[in-house]
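Notes follow the structure.
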Amino acid sequence: MALSISLVVLLGIIVVILVRTGYQRILPGIAVCLFGFFLAGTGIAPTITGAVSSLTGWIGSF
């Protein structure tokens, strides 16, 4: 749980920086956020969560 909150905070900071610098526009950013929100409600969400967990575990092993 703590890892997912940290990841959300990190990704949120990256999105804010991208919007502020002009590399990401607001409407496409909202569309991507909504896509992620609705993707989390599908059957593939546990697979994505497992992949992110294994990737962060692999990175943490260094």
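The values are calculated or read from the model by the stated rules, or taken from the named source; none is laboratory data. On a predicted model such as this, the values are computed, not experimentally measured, just so you know. Accessible surface is based on the protein model in full, side chains and every heavy atom, while ligands, DNA and RNA are left aside. Shrake-Rupley method; radii C 1.70, N 1.55, O 1.52, S 1.80 Å.
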The percentage of the accessible area of the chain (probe 1.4 Å, all protein chains present) made up of carbon and sulfur atoms, to the nearest whole number, is 79 percent
Applying the gyration tensor rule to the Cα atoms of the chain (axes a ≥ b ≥ c; rounded if a/c under 1.5, else prolate if a/b exceeds b/c, else oblate), the class is oblate
Listed by chain and number, the residues whose amide H is under 5 Å from that of Gln24, excluding neighbours fewer than 5 places away on the same chain and using placed H, are Val19
